[in-house]
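All remarks here apply to the structure that follows.
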Ligand SMILES: C[S@@+](CC[C@H](N)C(=O)[O-])C[C@H]1O[C@@H](n2cnc3c(N)ncnc32)[C@H](O)[C@@H]1O
C-alpha cells in the first residue's frame, strides 16, 4: 500500500495527462548555442560522433528532433540518427537523410535487434516517464562498444511507498549496475555496454504526474518504487 496523496498511474494513463502530453514544454533544443544539447549535456555531441565513419546517435524523448537534424548536416552520409518521442514533431520540417523520427512511448520501444549506438542521449526526458527504472535497465544494452548513454535524472523523483525520497537506494542500485551520476549537472551516464538488461531491484508501483516541479522548475512525474 502506498501513502501517495493521489492515485498512482500506469504508463498508458500517464501518457494522457497534461504534464506529459502538452505542447508547452521545451521540445526545441538545437545542437549548440543557448537552448541546446551541448549546453545541457556539457559536451558537444558531435565531439563524440565526429571521426566515426558511420556514427549512430539515438536520442530518447527527442522532441522536435532539431539536434539530430543539425547533426545530419555535418556528419558523414552514412550516419544513423534516430529520435524517439511519444509525440511526433509538431512543426512540419524537412527530414534530412539519415534522420529517423519514431513516434512511440519509451515504456515499450526498443532499438531494432542488433542495432547499437555510439551515443544515446535523453535530454530532460526521463522527468516525464513513469517506470524510469525499466527504461534504464534496458538502456544499458543500447550503446555500442565505446559508446555512451547519458540522461538527465532527478533522483528525488523516485519515491518510496510512504512518499519519502528513494534517491539513495535508487542511485546505489544504478551505480551497482555500472551507471555514474553527476549531481551538479543532474546527469546519469553509462559507458560500458552490457549484453543484458541491468537488474535494478525495485518493483514499480505507479507514477504521480502532480508531484510538482523538479530542479528545472518544470513539473515532473514522481515514480513510486518498492525496494525488493
Ligand atoms: C522537455 S521535452 C525535451 C525534448 C528534447 N529532448 C529537447 O531537449 O528539445 C520532453 C519530451 O519527452 C517526451 N516524452 C514524454 N514521455 C515520453 C514517453 N513515455 N516516451 C517517449 N517520449 C516521451 C515528450 O513528448 C517531450 O517531447
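The values are calculated or read from the model by the stated rules, or taken from the named source; none is laboratory data. Keep in mind the model is a prediction, meaning the values are calculated, not measured. Cβ placement follows ideal geometry from the backbone for every residue including glycine, while neighbour counts extend to all protein chains displayed.
Some points to look at:
- Here is the figure for region 18-41: residues that are in contact with a strand residue (DSSP E or B) (Cβ under 7 Å, 6 or more places away or on another chain) and part of a loop (DSSP other than H, G, I, E, B) total 2.
- Pairing residues of region 176-189 that are under 11 Å from residue 42 (Cβ atoms) with residues that are at pLDDT below 95, at Cβ distances under 7 Å and at least 6 apart in sequence or on separate chains, gives 186/215.
- Region 43-69: number of residues that are within 14 Å of the ligand (Cβ to nearest atom) and more than 13 Å from residue 99 (Cα to Cα): 4
- Filtering region 205-218 to residues that are part of a loop (DSSP other than H, G, I, E, B) and without any contact (Cβ under 8 Å) to a residue 40 or more places away in the chain leaves 212, 217.
- Checking 150, 140, 221 one by one, the residue that is in contact with a strand residue (DSSP E or B) (Cβ under 8 Å, 6 or more places away or on another chain), closer than 22 Å to residue 47 by Cα, within 13 Å of the ligand (Cβ to nearest atom) and touching a residue at least 24 places away in the same chain (Cβ under 8 Å) is 150 and no other.
- Condition check for residue 161: within 27 Å of residue 213 (Cβ to Cβ) and without any contact (Cβ under 8 Å) to a residue 40 or more places away in the chain: no
- Applying the criterion of being part of a strand (DSSP E or B) and surrounded by fewer than 19 Cβ atoms within 10 Å (Cβ to Cβ) to the residues of region 188-204, the residue that is nearest to the chain's Cα centre (by Cα) is 189.
- Among the residues making up region 70-123, those that are under 15 Å from the mean Cα position of the chain (by Cα), within 13 Å of the ligand (Cβ to nearest atom) and within 20 Å of residue 47 (Cα to Cα) are 82, 83, 120, 121, 122, 123.
- Strands (runs of 3 or more DSSP E) wholly inside region 44-118 containing at least 3 residues that are surrounded by fewer than 16 Cβ atoms within 10 Å (Cβ to Cβ): 99-103
- Residues satisfying the stated conditions in region 16-42, i.e. near the ligand (Cβ under 10 Å from one of its atoms), touching a residue at least 60 places away in the same chain (Cβ under 8 Å) and exposed (fewer than 15 other Cβ atoms within 10 Å of the Cβ): 21, 23, 26
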